[in-house]
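See structure below.
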Amino acid sequence: RYRGLTLVLTFLCYTSYHLSRKPISIVKSQLHPNCSALGPNPRNNSNSSAWCSWAPFDGDNYKELFGALDNAFLVAYAIGMFISGIFGERLPLRYYLSGGMLLSGLFTALFGLGYFWNIHVLWYFIVMQVCNGLVQTTGWPAVVACIGNWFGKGKRGLIMGIWNSHTSVGNILGSLIAGVWVSSAWGLSFIVPGVIIAAVGVLCFFFLVEYPEDVGCSPPLHHVTTTTAKDPEGVTSNEGPLSNSGRSSSDRSDSPKEPGEEPEAISFLGALRIPGVVEFSLCLLFAKLVSYTFLYWLPLYIVNVAHFGAKKAGDLSTLFDVGGILGGIFAGLVSDYTGGRATTCCVMLVIAAPMLFLYNHIGQNGIGTSIAMLIVCGALVNGPYALITTAVSADLGTHESLKGNAKALSTVTAIIDGTGSIGAALGPLLAGIISPTGWNNVFYMLIAADVSACLLLARVVVKEVRGWCGSMARKRGYVRC
């Protein structure tokens, strides 16, 4: 029951985080719409073709200003993430997560209030984005640490693949909610999501349980040993994994823990030394570059290329996130079955590159083709991203080299996602710079990023293949492959 409650609460928490991030991509097309489609200019004192735009986004440099808004959030998020994991390892996760959600709701709503307060200065919106980016870093390390505390390695890929659909669900809900008011009062497109994330933060404060030991349950098994090979999941509420000394956690739970027995939180450099952390972090940098470029620029791309309205483009862009849900579940299921997290990511990234090329060239030929290509591209782009930020992060944060120290989950997750967030900041920035030269060049940049992400996992993939080869050789009686 407690594991189910933890899954549901953390799902709702991170759904609301992404729900509050999405409105900016929907509102962009309203901040600088095609004014000529709205009829003659009612302002007799102005002959500007951008009379219906919202200053300061009414100039010819509006794409660069949109890129600045995106990067104000994403750069602050990337910098804050490396610090956030350290705090998350040392503060109560429930307080840390709830406080971050309340502050995120505040700054999201303040951005939208710029509409009602008739604010037209760029610095106000930039400051709101920076503040929101910093407080939103409280979310990911905290929710992954909570899930890692409750679930063992056995079916972690599938469980987290399904659970990670909160990212896409949040994007979809954020798009739909923002779309309701985008054409009438775009400020509400931010205020309503801000209220929602704050309300979920209050819910989290009262009901989230951080550790199994807090409610008398035994912790799960994070890696398989010879004594527990018959029960790789090891997450039943009555039996716990064996410790290094041979005692089960259920035995240890009978006696209260002494303060001196509590392991120290791992250092930043110590987390970097865990095998695989550097490779997966750099891979996520490029994978997240692609994903966040779609997150922030896909609705505008659809408006410019397919010539749909702002609401219809926002609704259509949610199909990319529908594909992301399917891709995350598929990646988790396959990686659990094969044991090859890196290989699963690499194969999906290889296939994603030609699919992105096809979407750019034939994706707008018809509504049916557009729907199919968006779902396929969403699955292939977000599948590896979802797998790395969830199951891979939890695996590395409970790596056997840590010798049972659970005080690494938040730090490792923050390093991996923080590095990925650098790519998330670079993607929309590069898209803003490159898009005036043509959307084809933007897609070439995305394809190059996908290939780079794949190459960075080459060493880990070779290691996994050798492991499979060695396992098959032992089954057949050979000494080596």
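The values are calculated or read from the model by the stated rules, or taken from the named source; none is laboratory data. Not measured: the values here are computed from a predicted model. For neighbour counting, all protein chains shown are included, and Cβ atoms are generated from backbone atoms with ideal geometry for every residue, glycine included. All accessible areas refer to the heavy atoms of the entire protein, side chains included, with ligands and DNA or RNA removed. Shrake-Rupley method; radii C 1.70, N 1.55, O 1.52, S 1.80 Å.
Checking ASN164, ASN171, ASN149, ASN118 one by one, the residue that is at positive phi and not hydroxyl-bearing (Ser, Thr, Tyr) is ASN118 and no other. Here the stretch 195-220 is the region considered, the condition is being among the aliphatic types (A, V, I, L, M) and open to solvent by 30 Å² or more (accessible area, probe 1.4 Å), and the residue that is modelled with the lowest pLDDT is VAL215. Scanning the stretch 423-452 for residues that are open to solvent by 10 Å² or more (accessible area, probe 1.4 Å) and of a type in the set (Val, Ile, Thr) yields ILE433, ILE434, THR437, ILE447, VAL451.
Under 9 Å between Cβ atoms, at least 6 apart or on separate chains: pull out the pairs that start in the stretch 323-343 with a residue that is in contact (Cβ under 8 Å) with a residue 60 or more places away in the chain and crowded, with 20+ Cβ neighbours inside 10 Å and end on any residue that is among the aliphatic types (A, V, I, L, M) and assigned to a loop (DSSP other than H, G, I, E, B). Correct list of pairs: ALA342/LEU457; THR343/LEU457. ASN149 passes every criterion in (1) under 25 Å from ALA310 (Cβ atoms); (2) open to solvent by less than 60 Å² (accessible area, probe 1.4 Å) apart from (1). Restricting attention to the stretch 267-323 and to residues that are over 25 Å from PRO436 (Cβ atoms) and among the small types (Gly, Ala, Ser), the residue that is modelled with the lowest pLDDT turns out to be SER267.
Inspection of the stretch 78-85 identifies no residue that is at pLDDT 80 or above, more than 22 Å from the chain's Cα centre (by Cα), surrounded by 19 or more Cβ atoms within 10 Å (Cβ to Cβ) and not aliphatic (A, V, I, L, M).
Residues of the stretch 53-67 that are open to solvent by 20 Å² or more (accessible area, probe 1.4 Å) and at pLDDT 85 or above: TRP54, ALA55, PRO56, LEU65.
Go over the candidates VAL392, VAL381, VAL350 one by one and state the one that is touching a helix residue (DSSP H, G or I) at 6+ places or on another chain (Cβ under 7 Å), open to solvent by 20 Å² or more (accessible area, probe 1.4 Å) and part of a helix (DSSP H, G or I).
Working: VAL392 fails: open to solvent by 20 Å² or more (accessible area, probe 1.4 Å); VAL381 fails: open to solvent by 20 Å² or more (accessible area, probe 1.4 Å).
None of the other options fit; the residue is VAL350.
Scanning the stretch 353-366 for residues that are open to solvent by less than 20 Å² (accessible area, probe 1.4 Å) and either among the acidic types (Asp, Glu) or within 21 Å of GLY328 (Cα to Cα) (or both) yields ALA353, LEU356, TYR359.
Only a single item in (1) part of a helix (DSSP H, G or I); (2) in contact with an Asp or Glu (Cβ under 9 Å, 6 or more places away or on another chain); (3) at pLDDT below 90 is not met by LYS407, and it is number (1).
Apart from one condition, LEU356 fits all of (1) in a helix (DSSP H, G or I); (2) free of Cβ contacts under 8 Å to residues at least 12 places away in the same chain; the exception is (2). Between GLY139, GLY100, GLY105, the distinction of being within 29 Å of GLY328 (Cα to Cα), under 14 Å from the mean Cα position of the chain (by Cα) and touching a residue at least 60 places away in the same chain (Cβ under 8 Å) belongs to GLY139 only. Looking at TYR124, TYR115, can you tell me which residue is over 27 Å from LYS312 (Cα atoms), open to solvent by 10 Å² or more (accessible area, probe 1.4 Å) and at pLDDT 85 or above? Going through TYR124, TYR115 in turn, the sole match is TYR124. Taking every residue in the stretch 163-191 that is in a helix (DSSP H, G or I) and pairing it with any residue that is surrounded by fewer than 24 Cβ atoms within 10 Å (Cβ to Cβ) and small (Gly, Ala, Ser), at least 6 positions away or on another chain, the pairs with Cβ-Cβ distances below 7 Å are PHE190/ALA109; ILE191/ALA109. What do you reckon, is LEU97 modelled with pLDDT of 90 or more and out of contact with any Ser or Thr (no Cβ under 8 Å at 6 or more places or on another chain)? No; evaluated as a whole, the condition is false for this residue.
LYS153 meets all of the listed conditions (1) modelled with pLDDT under 85; (2) in a helix (DSSP H, G or I) but one, namely (2).
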